[in-house]
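Worksheet: the structure to be examined is printed underneath.
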Amino acid sequence: METVRPCGCKGIRSCLLCEKEYKITKPNLKIQLEKYSSYVYCPLCNLSWPGWNSDIYANHPDHRGKSIEFPGVYIKLDFLNHNDIALLTKALDDIPWEVSQSGRRKQNFGPKCNFKKKKLRLGSFNGFPKSTHFVQQKFLEIPILKSFQTVEQCTLEYDPLRGASIDPHIDDCWVWGERIVTVNVTGNSVLTMIPYSGPNTKYNLNDVAEYSTFEDKNENGDVRNVIVRLPMPEGSLMVLYGAARYEWEHCVLREDVKSRRICLAYRELTTFYRNNLSKDEEVKELLQRASIFR
């Protein structure tokens, strides 16, 4: 269904509202994924253990089964405290929401990007909300985010009453850099990781060789044939990089949105884009605007 629906969905994207109104049948991804062996990442020991339920890390250190390594993920529990969460939730709700696809709403602050044509426009972007400044300041406390310069901040709301979800994907690799940052403001959820086996032309993955120091060593071949579940508890921060960034699609299953969830997604530029002399003035202007909080 190619038309844009009132709920914000279009194409193959759908939510509970348009599925009911337009009699759309959506395949159950959870059922498909449950056919594979699954592991849950424990942020306390940085290992993945057999299972599906994301609260498995509550059993730490008394895990069961044989663990596997899952490189390229960093999770900071309690990145936001209860006061941070309350203030930030109110501040975000004071900003107008826009409808988005698959049962979500969004707030976008950053340049407009056409990933297929590889074009970036600054448009009306002129900085970030002042009320969210402290979140980016807290990045300075995280060693893996050293030198991270935010150029896009996107707020996403997942509503379980609309069957909110996000389909498997890899964030674009032409313009968005090596670290993908998510701050889970409110609501517990899970990021499900699926090994990617498609062409490197998709998601502009073929650009990665131009700027990334990541090398695919494939030291644990078994990890390619499994599903890995990354817990995203309320107030946590997650960073994907390396193998998790480039070799795995990530998604949020409808079944893992059990209450209202709000998250902040942060993106940096690739060094390839930042160091492109033909883009020098554009990059300078973008970074200048991205330093403003109003």
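The values are calculated or read from the model by the stated rules, or taken from the named source; none is laboratory data. Predicted, not measured: the structure shown is a model, and the values here were computed from it. No Cβ is skipped: glycine too gets one built from the backbone with ideal geometry, and neighbour counts run over all protein chains shown. The accessibility values were calculated without ligands, DNA or RNA, using every heavy atom of the protein model including side chains. Shrake-Rupley method; radii C 1.70, N 1.55, O 1.52, S 1.80 Å.
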Quiz item: Using a basic spin-label model with each label point 7 Å from the Cα along Cα→Cβ, how many nm lie between Asn59 and Ile142?
Solution: 2.8 nm
Quiz item: Which of Leu88, Ser147, Leu120 sits closest to the plus end of the dipole of the chain, meaning its Cα is farthest towards the positive end, when Lys and Arg get +1 and Asp and Glu get -1 on the C-beta?
Solution: Leu120
Quiz item: Based on the mean of other beta carbon atoms within 10 Å per residue, what is the order of 270-276, 173-179, most packed first?
Solution: 173-179, 270-276
Quiz item: Which net charge results when you count Lys and Arg as +1 and Asp and Glu as -1 among the other residues whose beta-carbon is under 10 Å from that of Leu16?
Solution: +1
Self-check item: Solvent-accessible ranking of Asp171, Asp94, largest area first, probe 1.4 Å
Solution: Asp94, Asp171
Quiz item: Can you give me the Cα centroid spacing of segment 135-165 and segment 64-118 in angstrom?
Solution: 4 Å
Quiz item: At 222 nm, what helix-only mean residue ellipticity would the chain give, in deg cm²/dmol to the nearest 500, using -39500 (n - 2.57) for each DSSP H run of four or more?
Solution: -4000 deg cm²/dmol
Quiz prompt | Residues with amide H under 5 Å from that of Ser189, placed H, sequence gap 5 or more | solution = Met232, Glu234
Quiz item: Using a simple charge model, +1 on the beta-carbon of Lys and Arg, -1 on the beta-carbon of Asp and Glu, nothing else, what dipole does the chain show about its Cα centre, in debye to the nearest 20?
Solution: 840 debye
Quiz item: Gap in Å between the Cα centre of segment 39-63 and the Cα centre of segment 232-274?
Solution: 19 Å
Quiz prompt | Estimated inter-spin distance, Thr271 and Phe115, nm [label 7 Å along Cα→Cβ] | solution = 2.3 nm
Quiz item: Which of the lysines could be linked to Lys284 by a straight reach, that is with a Cα gap under 24 Å, when you skip same-chain ones fewer than 8 residues away?
Solution: Lys112, Lys116, Lys117, Lys118, Lys119, Lys130, Lys138, Lys146
Quiz prompt | Hits among aspartates and glutamates - C-alpha to C-alpha of Lys23 under 18 Å, sequence gap 8 or more where chains match | solution = Glu2
Practice problem: For the chain, build the charge dipole from Cβ charges (+1 Lys, Arg; -1 Asp, Glu) around the Cα centre, then report which of Val185, Gly198, Leu17 sits farthest towards its positive end. | Solution: Leu17
Exercise. Might you report the magnitude of the Cβ-based charge dipole of segment 74-128 about its Cα centre, with Lys and Arg at +1 and Asp and Glu at -1, to the nearest 20 debye?
Key: 700 debye
Self-check item: Only Lys, Arg (+1) and Asp, Glu (-1) charged, at Cβ; segment 1-108 dipole about Cα centre in debye
Solution: 500 debye
Quiz item: His169 accessible area, nearest 10 Å², 1.4 Å probe?
Solution: 40 Å²
Exercise. Determine, for each peptide in 34-42, 189-197, the mean count of other beta carbons within 10 angstrom over its residues, then list the peptides with the highest first.
Key: 189-197, 34-42
Quiz item: Binned at 10 Å from 0, what are the whole-percent values of the Cα-Cα distance distribution for the chain, short to long?
Solution: 6, 26, 36, 25, 6, 0
Quiz item: When the distances between all Cα atoms of segment 87-178 are binned every 5 Å from zero, what whole-number percent does each bin get?
Solution: 3, 10, 17, 21, 22, 19, 8, 1
